[in-house]
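Take a look at the structure below.
The values are calculated or read from the model by the stated rules, or taken from the named source; none is laboratory data. Treat the numbers as computed from the prediction; the structure is a model and nothing was measured. Positions of Cβ are generated from backbone atoms using ideal geometry, with glycine treated the same way; all protein chains shown enter the neighbour counts. These accessible areas exclude ligands, DNA and RNA; they are computed on the full protein's heavy atoms, side chains included. Shrake-Rupley method; radii C 1.70, N 1.55, O 1.52, S 1.80 Å.
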Amino acid sequence: MQKVGFIFDLDGVIVDTAKYHYLAWKKLANELGFEFTEEQNELFKGVSRKRCLEILLEIGNISATQNQFDTWMVDKNIDYLAYIEEMDASEILPDVPQVLEYLKKKNIPIALGSASKNAKPILEKVGLLPYFDSIVDGNSVTKAKPDPEVFLIAAKNLGVEPNNCVVFEDAVAGIQAANAADMLSIGIGDSAILFEAKHNFKDFTEMDAAFLEALLA
Ligand code: BG6
Ligand code: MG
């Protein structure tokens, strides 16, 4: 039997941090004199911090010097870090620990494949870091999702062929990255938005043991 590997996105799959990213971007937008809605925040899912700021400035029709751009990137992250400082295991999304535990018991290699540069401290805070055999995050990649780089590095680190990897993602860019890497993409969230995924679940509570078992076979 071929070795199978599992790769999890972080924000929106393991923890509900999208709300904190939103609050931090909204604060910056308000300081710059414009509104930023939760709907617009959808565009930011799976997208690198730098690209998010570029989109935010397009929304506000603001042009920035390199110096201002760099300062605002830092400001946003300081605010975001203040929110995640308070995080604990209560903010893990439903049934995530059960799925990780199930895979661990079966000795299945597990990686994180996230765009975030804050991934490791978040996993540490919520107590899930020990489950991961490899952490590939925003510090490890040169190309952002939908480029498959993040997932291909994760597969390599796990010693698993890309086409034997399963990816859980809540972002369109992430599903596209998994598909481009020739991996099995599983959307966690709204199937109407994540329609490019091979399978879709609202959250992990909808995914039963039989489905997971079938993926391992
Ligand atoms: C992704 C989030 O996981 O990480 C994006 O979905 C975020 O919204 C990106 O912009 C980068 O995160 P960070 O923590 O490096 O600013
Ligand atoms: Mg995500």
Requested in this report: Just grab the label-to-label distance for T71 and T142, each label 7 Å out from Cα along the Cβ direction, in nm (one decimal).
Outcome: 3.2
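Determine the dipole magnitude for the range 41-154: charges of +1 sit on the beta-carbon of Lys and Arg, -1 on that of Asp and Glu, nothing else is charged, the reference point is the Cα centre, and the result goes in debye to the nearest 20.
400
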Report summary line: Listed by chain and number, the residues whose amide H is under 5 Å from that of C165, excluding neighbours fewer than 5 places away on the same chain and using placed H, are G5, L184
**Report entry** Kirkwood estimate for the chain, i.e. one over the average of 1/r between Cα atoms, Å
**Finding:** 17.7
**Report entry** Probe 1.4 Å, accessible area per residue of the chain, Å²
**Finding:** 48
Query raised in the report: Where the convex hull is taken over the Cα atoms of the range 18-84, what is its projected area averaged over directions, in nm²?
Result: 4.0
**Report entry** In the range 132-217, the trypsin sites (Lys or Arg not before Pro) that fall in loop regions by DSSP, at most 12 other Cβ within 10 Å
**Finding:** K143
Query raised in the report: By per-residue mean of other Cβ atoms within 10 Å, what is the highest-first order of 16-24, 74-82?
Result: 16-24, 74-82
Query raised in the report: How much of the accessible area of the chain, probe 1.4 Å, is carbon plus sulfur, in whole percent?
Result: 51
